[in-house]
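All remarks here apply to the structure that follows.
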Amino acid sequence: MEIHQLRYFCAIAHHGTFTRAALAEGIAQPSLSQQIQKLEGELGARLFDRLPKRAKLTSFGSAFLPKAKQILRELGEAKTEILEMTGRENGELTVGAIPTIAPYLFPRLLAGFSQQHRTIAIKIVEDITRVLLNSLDEGTIDLAIVALPVPGEKFRSVELFRESMYAVLPANHRLAARKAIKADELKKEPFLLLKEGHCFRDSVIAACRKSRLKPNVVFESGQFATILAMVSAGMGISAIPEMAVQTVEGCCYVPVQGQGFSRRIGVVMMRQHFETRAQQAFLQHLSHTYSATRRSPVTA
């Protein structure tokens with residue numbers, strides 16, 4: 001059994017087809033298929049059902065997948081530990097973040113980090129929480145910056161900060177001039193929210209539920225920019241985290257008072273994961289600079 005065979009097997013399980021897995025691994029599909037056949041021959045079991053448009057894990061493949069991931073993860077950590085023994089602060093660090101954090105926190109953060117740590121290459125992955133946690137488990141990312149808490153005893157979390165939620169209102173809205181809004185004052189308002197799968201949407205829904213508010217969702221989008229444009233046009237109201245407050249013509253931001261109308265931001269790692277010097281440097285830089293990226297609320 002070869003390490004590259006395990007890597008190809010996990011790639012097919014992740015991408016769903018031999019074609020996409022071969023592309024991701026930089027290998028010709030016939031060669032990848034041949035390696036999987038050799039692996040199946042050695043195990044004496046078929047790992048995939050080859051369907052017309054996808055490769056589906058068999059019961060044997062499903063049982064073998066977590067073991068293969070664990071082997072690859074432990075091998076990667078062993079290699080990292082040996083490199084760390086050289087005492088050099090270098091290498092590559094892959095950091096994941098959810099879409100409601102990445103564009104607001106990273107630009108200033110990464111610019112400062114790169115200037116101070118030129119021998120560390122940073123790769124950013126932006127996705128929803130569920131995908132990032134799966135990537136952590138697979139070992140394809142080193143850290144994830146998400147909203148806390150996260151499920152699973154295998155993960156270790158470190159809280160960075162907490163931030164308030166703000167109601168986004170059209171500039172001519174009856175509540176636009178207020179310094180704060182109570183949740184129950186929004187009962188009859190049409191809500192524009194992020195699509196399902198975004199944890200910030202879940203946070204808003206949960207906060208509304210705690211305040212006995214059932215939001216009337218009339219529009220959903222995957223981007224705050226689209227939602228803000230719709231609010232500016234008078235199509236309804238929305239909610240955004242404090243770090244996403246920005247000057248948009250026709251929009252006004254007012255903090256919401258009520259239980260749950262805030263979120264905790266933190267870094268998540270695998271509990272048993274070896275922490276490299278690059279990761280330590282990044283975490284230290286993150287803890288020192290996150291407050292500088294939080295801007296005061298503005299009104300348009």
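Things to note:
- Residue match in region 136-153 (condition: part of a helix (DSSP H, G or I), under 18 Å from residue 15 (Cβ atoms) and among the acidic types (Asp, Glu)): yes
- Tally, over region 1-35, of residues that are crowded, with 16+ Cβ neighbours inside 10 Å and in contact (Cβ under 8 Å) with a residue 40 or more places away in the chain: 7
- Summed over region 250-278, the residues that are more than 21 Å from residue 207 (Cβ to Cβ) and either touching a Ser or Thr at 6+ places or on another chain (Cβ under 9 Å) or among the basic types (Lys, Arg) (or both) give a count of 9.
- For residue 230, the conditions (1) at pLDDT 95 or above; (2) touching a helix residue (DSSP H, G or I) at 6+ places or on another chain (Cβ under 8 Å) are fulfilled apart from (2).
- Any hit, region 41-60, residues being part of a helix (DSSP H, G or I), of a type in the set (Gly, Ala, Ser) and touching a residue at least 12 places away in the same chain (Cβ under 8 Å): no
- Flag if residue 266 is surrounded by fewer than 16 Cβ atoms within 10 Å (Cβ to Cβ) and among the small types (Gly, Ala, Ser): no
- Cβ separations smaller than 6 Å between residues 6+ apart or across chains give the following pairs from region 80-104 residues that are at pLDDT below 65 to residues that are β-branched (Val, Ile, Thr) and surrounded by fewer than 17 Cβ atoms within 10 Å (Cβ to Cβ): 90/119.
The values are calculated or read from the model by the stated rules, or taken from the named source; none is laboratory data. Treat the numbers as computed from the prediction; the structure is a model and nothing was measured. All Cβ positions, glycine included, derive from the backbone under ideal geometry; neighbour counts span all protein chains shown.
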